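Enquirer: So that we are looking at the same thing, I have put the structure below in structure tokens.
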Amino acid sequence: MKDARAGVRAPVPDAVPDAAARPDPDREREEAIAALFEVHHLPLVRLAVLLGADDAEDVVAEAFYQLYRRWRRLRSPEAAATYLRSVVVNLTRMRIRHLQVVRKHAAKNGDEPQHEASGEEHAVLRDDQKALVDAVRALPARQREALVLRFWLDLRESEIAAAMGITAGSVKVHVSRGMAALSRVLEERR
């Protein structure tokens, strides 16, 4: 009787690919973020300026840093642009709130600082847009955010809702009220 294993060869283990052949996740992440930076940096700076950030470059840099840190937690690389917009909106909102607190305390002490336009503001805004931008800045924060995301970035309601952390129905309300307020303000200026 022959041994059943005699004619069977032992399986050869798969060769372990060398380090150069294996994909490097850190390198892939850096290349993906660099590509996103090329495409989305300037529009995100504009978004931050239109939302009222006085340090738009810093806001966008912080958004890219947060994306870099959380890259592996993204549900897909396609979600990165949405994530960046959401971070820019939230950081701008937080910084505006912080500035409001600082200005309240400065006003109590009689040291109210004057707003000076940043370099980003001068680069983004032309004189013919100044009246509209001033009217947008006078809107409540949520209306301003919804209008900028809708009409400047041309996002759908679901994308705006994701960026702002609210429902699509709330987006409709904020856009409607913002448009009505802008119409009133711009009619008064005529």
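Read-outs: derived from the displayed coordinates by stated rules, not from any lab. None of the values given here were measured: they were computed from a predicted structure. Counting neighbours? That spans all protein chains shown, and the Cβs are built from the backbone with ideal geometry, glycine included.
Enquirer: Beta carbons within 10 angstrom, averaged per residue: use that to sort the peptides 55-62, 181-188, 36-43, 91-98, highest first.
Expert: 55-62, 91-98, 36-43, 181-188
Enquirer: On to the next question. Using alpha-carbon positions, what is the distance between the centroids of the range 50-92 and the range 158-186, in Å?
Expert: Here the answer is 21 Å between Cα centres.
Enquirer: Count the net charge of all other residues whose Cβ sits under 12 Å from the Cβ of Arg72, scoring Lys and Arg as +1 and Asp and Glu as -1. Intermediate values should be presented prior to the final figure.
Expert: Details: positive: Arg29, Arg69, Arg70, Arg73, Arg75; negative: Asp26, Glu28.
The answer is +3.
Enquirer: Relative to the Cα centre, what is the charge dipole magnitude of the range 126-190, using +1 at the beta carbon of each Lys and Arg, -1 at the beta carbon of each Asp and Glu, and rounding to the nearest 20 debye? The partial results should precede the final answer.
Expert: Numbers: 12 positive and 9 negative charges, 32 e Å.
Using only the charged Cβ atoms, the result is roughly 160 debye.
Enquirer: Please label the shape of the range 25-123 as rounded, prolate or oblate, based on the square roots a ≥ b ≥ c of the eigenvalues of the alpha-carbon gyration tensor (a/c under 1.5 means rounded; beyond that, a/b larger than b/c means prolate, else oblate).
Expert: Cα axes put the range 25-123 in the prolate bin.
Enquirer: Using a 7 Å offset from the Cα along the Cα-to-Cβ direction at both Arg29 and Leu132, what is the distance between the two label points in nm, to one decimal?
Expert: In this crude label model, Arg29 to Leu132 measures out at 4.0 nm.
Enquirer: Under the Kirkwood approximation applied to all pairs of distinct alpha-carbon atoms, what is the hydrodynamic radius of the range 126-190 in Å?
Expert: Result for the range 126-190 stands at 12.0 Å.
Enquirer: Another question, then. Net charge around His174, counting only other residues with Cβ within less than 15 Å of its Cβ (Lys, Arg = +1; Asp, Glu = -1)?
Expert: After counting each charged neighbour, the total is +4.
Enquirer: A further question follows. Taking the Cβ of Arg150 as the centre, find all other residues whose Cβ is under 15 Å away and add up their charges (Lys, Arg: +1; Asp, Glu: -1).
Expert: +3
Enquirer: Between Tyr68 and His98, what FRET efficiency comes out of the Förster formula 1/(1 + (r/R0)^6) with R0 = 30 Å and r the beta carbon distance, rounded to 0.05? Let's see the in-between values first.
Expert: Numbers: r = 23 Å, r/R0 = 0.78.
That pair, His98 with Tyr68, gives E of 0.80.
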